[in-house]
Amino acid sequence: MPKILENIITAAVPDPSNQTVSLAWANGETTVASFRHFVGKGVFAAFADPAFFVQARIGEGGRSLEWPGELDFCADALWFEAHPEDAPAEERKTRRGLVAEPAPKG
């Protein structure tokens, strides 16, 4: 069970057709994070543009997922959205906004 600051993203593959990003983690797991519910809202309006969405990249040290314009999501938040059972108790109370799930096996 990774703890805060132990969650490192090693690969990110954006899919603009459904505004998801497949994430590979240093511990060998993969998850899929959905950003659909952000599309067209505020600073995330650009997520509706496939050419923009595919610009997702891994931040420094694998500690975030980033897009141009200083749009970023913390690696810990992305991990805990997919694995809520790993989140510290205070994190479980304050988590909002992302939808993530473990990647399908196979």
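List of remarks:
- The range 66-87 - residue that is under 20 Å from W25 (Cα atoms) and open to solvent by 40 Å² or more (accessible area, probe 1.4 Å) and, of those, modelled with the lowest pLDDT: E85
- Any chance D76 is part of a helix (DSSP H, G or I) and among the charged types (D, E, K, R): yes
- Checked across the range 45-61, the condition of being closer than 12 Å to T10 by Cβ and within 11 Å of the chain's Cα centre (by Cα) holds for at least one residue.
- Comparison of A45, A26, A11 shows that the only residue that is over 19 Å from W79 (Cβ atoms), loosely packed, with under 15 Cβ neighbours inside 10 Å and small (G, A, S) is A45.
- Screening E90 with (1) open to solvent by 50 Å² or more (accessible area, probe 1.4 Å); (2) modelled with pLDDT of 95 or more gives one miss only, at (2).
The values are calculated or read from the model by the stated rules, or taken from the named source; none is laboratory data. These numbers were taken from a predicted model, which means no experiment stands behind them. Cβ coordinates were reconstructed from backbone atoms using ideal geometry, including for glycine residues, and neighbour counts include every protein chain displayed. Just so you know, the surface numbers come from the protein's heavy atoms only, side chains and all, with ligands and any DNA or RNA stripped out. Shrake-Rupley method; radii C 1.70, N 1.55, O 1.52, S 1.80 Å.
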